[in-house]
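The values are calculated or read from the model by the stated rules, or taken from the named source; none is laboratory data. Everything numeric in this text was worked out from a predicted model, so none of it was measured. Positions of Cβ are generated from backbone atoms using ideal geometry, with glycine treated the same way; all protein chains shown enter the neighbour counts. Remember, those area values only see protein heavy atoms, side chains included, never the ligands or the DNA or RNA. Shrake-Rupley method; radii C 1.70, N 1.55, O 1.52, S 1.80 Å.
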Amino acid sequence: MIHVLLASSRDDLAASLTDAIGPSFARVPGTPVAESPADLYDRLPGVGRPHIVLLDSDGEDEAALSLAERLQRDGVATILVSSRASELALPALRAGVRDLITPDIPAAELRLTLDRAAQLIAPQAPQHPDQVAPSAPEQEGRVIAVASPKGGVGKTTVATNLAVGLAALAPQATVLVDLDVHFGDVATALNLTPEHTLPEFARSSASRDALALKTFLTRHETGLYVVPGSDDPAAADAVTPEDVSRLLTLLKTQFAYVVVDTAPGLSEHTLAVLDETDTLVLVTSLDVPGVRGLRKELDTLSQLHMKVGAQHVVLNFTEASRGLSVADVEATIRTRVDVVLPQSSVVPLSVNQGIPLLQSGGRDPVTQRLRKLVQLVAPDAAPTPRRALFGRRAR
């Protein structure tokens, strides 16, 4: 059984923790911050050493970081609570802090944070006779790449809606990565103004360390996390295919779903994404150049022996006046079209407003078929990125 200690005087944080895992945790006042692990344990008569400590700095950041470093040496996982979380990322990393959160963290996100910490200390944690941790390996998230042979086919619209739809199934456990390295516009499509962009990930420790990564992500109002593309094409040259692979590998350990919006065609960055991909969503428009481009892309992937676990084809901008039918497309690409999106005025309106159709929850045909795509990609209930080690789910 994992023992959790809350060292905080904040009743709202205690209530959030209760919602996340139930009342099965110990609590001591957080201030003044204990000088040593022994000093902290002395505040818990008869309880003993915990496995995880939620340590509220309550303005005493330096003292809290010092205690966290000593707790880490004592084999205790520390989650630091501070209103200056973004500023403390690097010092917390050096002190061995497992995660860094703000006092107003929602219960659902707090539970995921505790699950991640519990997975790291689970092999050393003694088990209650009736609560033995399963021996199966921890579950990684799935990478879902959205690709197209050419631009202008609605790939980013499909990617953002798919990510928002998956975030509804797995709140706080879905991330969207803009890997149209030079000209990505995911942030615009989601009406976001990010503080950090993709090149900053590539140059920092964020692409290698989960704690640092969290401080660089941009959060959307739907609970979706976003790695925005570069706002400077010249700066994007710093992003290498190796950076892409490393970033996706890390994200898979933290999120249930990693949706990637790739650049048109098969660039080196896109090929790096496909090496990590579990599900591939191919998007094309109902016109001869788009369909022929998709056929060439499928042939190229076959020649490169690149196979993914599942593949879905989305046919966009369909209408009878275009002179092509779905049957014509399937005969050309020699595979099935899974989702057909009709031409509709609701799509450009949604893009211009920066509100994906699956966020606004309409009942028009395009929205309904985008929901079908989400069901195809995630036919089962969404998993959490790591196996939960706490018995009570967040309300």
Which numbered condition residue 90 fails, given (1) over 21 Å from residue 15 (Cα atoms); (2) under 24 Å from the mean Cα position of the chain (by Cα); (3) open to solvent by less than 50 Å² (accessible area, probe 1.4 Å):
(3)
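Would you mention how many residues in region 222-245 are among the hydroxyl-bearing types (Ser, Thr, Tyr) and either touching a residue at least 40 places away in the same chain (Cβ under 8 Å) or part of a strand (DSSP E or B) (or both)?
3
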Of all the residues that make up region 288-310, how many are open to solvent by 70 Å² or more (accessible area, probe 1.4 Å), of a type outside the set (A, V, I, L, M) and either at pLDDT 95 or above or over 21 Å from residue 378 (Cα atoms) (or both)?
6
Taking region 1-40 only, how many residues are of a type in the set (D, E, K, R) and either open to solvent by less than 10 Å² (accessible area, probe 1.4 Å) or over 33 Å from the mean Cα position of the chain (by Cα) (or both)?
2
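Return the residue satisfying two criteria in turn: it lies in region 246-263 and is open to solvent by 10 Å² or more (accessible area, probe 1.4 Å) and part of a helix (DSSP H, G or I), and of such residues it is farthest from residue 163 (Cα to Cα).
We begin by selecting, within region 246-263, every residue open to solvent by 10 Å² or more (accessible area, probe 1.4 Å); these are 246, 249-250, 252-255, 263.
Of the ones still in play, those that are also part of a helix (DSSP H, G or I) are 246, 249-250, 252-254.
Details: 246: 21, 249: 18, 250: 18, 252: 15, 253: 17, 254: 16 Å.
So, considering only residues that are open to solvent by 10 Å² or more (accessible area, probe 1.4 Å) and part of a helix (DSSP H, G or I), the one farthest from residue 163 (Cα to Cα) is 246.
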Criterion: at pLDDT below 95, buried (at least 17 other Cβ atoms within 10 Å of the Cβ) and among the polar types (S, T, N, Q) - qualifying residue of 384, 367:
384
Scan region 160-184 for residues that are assigned to a helix (DSSP H, G or I) and farther than 18 Å from residue 248 by Cα and jot them down.
161, 164, 165, 168, 169
Quick test for you: out of 104, 12, pick the one residue that is in a helix (DSSP H, G or I), of a type outside the set (Ser, Thr, Tyr), in contact (Cβ under 8 Å) with a residue 60 or more places away in the chain and closer than 30 Å to residue 216 by Cα.
12
Can you list residue pairs whose Cβ atoms sit under 6 Å apart, with the first residue in region 346-371 being more than 16 Å from residue 191 (Cβ to Cβ) and the second being part of a loop (DSSP other than H, G, I, E, B)? Count only pairs 6 or more apart in sequence or on different chains.
346/364; 366/344
Among the residues of region 259-275, are any modelled with pLDDT under 90 and on the phi < 0 side of the Ramachandran plot?
no
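Does residue 125 satisfy the criteria of being among the hydrophobic types (A, V, I, L, M, F, W, C) and either out of contact with any Leu (no Cβ under 9 Å at 6 or more places or on another chain) or modelled with pLDDT of 80 or more (or both)?
Values: among the hydrophobic types (A, V, I, L, M, F, W, C): yes; either out of contact with any Leu (no Cβ under 9 Å at 6 or more places or on another chain) or modelled with pLDDT of 80 or more (or both): no.
No, not satisfied.
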Residue 20 passes all but one of (1) in a strand (DSSP E or B); (2) in contact with a Lys or Arg (Cβ under 9 Å, 6 or more places away or on another chain); which number fails?
(1)
Those residues of region 166-196 which are open to solvent by less than 20 Å² (accessible area, probe 1.4 Å) and charged (D, E, K, R), in sequence order:
178
